[in-house]
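What follows draws every value from the coordinates through simple rules; no lab data is involved. As the structure is a computational prediction, the values presented were derived from the model and not from experiment. Methodologically, a virtual Cβ is constructed for each residue, glycine included, from the backbone with ideal geometry; neighbour enumeration extends over all protein chains shown.
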Amino acid sequence: DPNCPLCREDGGIVLWRGPHLRIIDVNDADYPGFTRVIWHGHLPEMTNLSNHGRDLIMRAVYAVEQVQREILAPDKVNLASLGNMVPHLHWHVIPRWQGDRHYPDAIWAPPRVAPGTESPQWLARQAQTRQLLPRYHNRLIEAMDALLWH
């Protein structure tokens, strides 16, 4: 679809690309590690996929979540497939920490913490998480490559 931003562009920094989907780093300043799993074909819903396609995309989502938990150690991981703004099948995999800008609400809710009023603990946690991103990205690539063989 020429009007779809996820058909025209990668949608972020590509970490891994396979024949059916790609994994991208959203590069969100407030949410280091925020990752999307994007199906290549322009389909709006999970039920547009074959059973094999559904299994493949969910295995990718689970792999991203697992690597986030192993490397970034968030307090919680949020999974979301909305598509209201961009009706192109994609999943958001968002590491969350107590004290982040929106916690415990969804990241699309009004923020609870205004820019510039973050706690020193949160700023330190964000800096630590940013330092872990190269390791997270490398481990994610390994996990996705391993999925191709199973």
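Tabulated results
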| read-out | value |
| --- | --- |
| Residue among Asn48, Ile23, Val61 farthest towards the positive dipole end of segment 12-61, charges placed on Cβ | Asn48 |
| Rounded to whole Hz, the Karplus (6.51, -1.76, 1.60) HN-Hα couplings of segment 82-98, x for glycine and proline | 9, x, 6, 7, 10, x, 10, 3, 7, 10, 9, 10, 10, x, 10, 9, 4 |
| Dipole magnitude (debye, nearest 20) for the chain, charges at Cβ of Lys, Arg, Asp, Glu | 180 debye |
| C-alpha long axis of helix 120-147 to longest principal axis of the chain, angle in ° | 20 degrees |
| Whole-Hz couplings from phi, Karplus 6.51/-1.76/1.60, listed for segment 19-26; x for Gly and Pro | x, 10, 8, 9, 10, 10, 8, 6 |
| Among Ile38, Ala73, Leu140 - extreme Cα towards positive end, dipole of segment 34-150, charges at beta-carbon | Ala73 |
| Global geometry of segment 35-104, whether rounded, prolate or oblate, following the gyration tensor of its Cα atoms and the 1.5 cut on a/c | oblate |
| Computed label-point distance, nm, for sites Ile13 and Leu133 using a 7 Å Cα→Cβ extension | 0.4 nm |
| Overall form of segment 71-112 per C-alpha gyration tensor (a/c, 1.5; a/b vs b/c) | oblate |
| Cα-based shape type of segment 41-150, given that a ≥ b ≥ c are square roots of the gyration tensor eigenvalues and the cut on a/c is 1.5 | oblate |
| For segment 109-150, size of Cβ-based charge dipole, Lys and Arg +1, Asp and Glu -1, in debye | 160 debye |
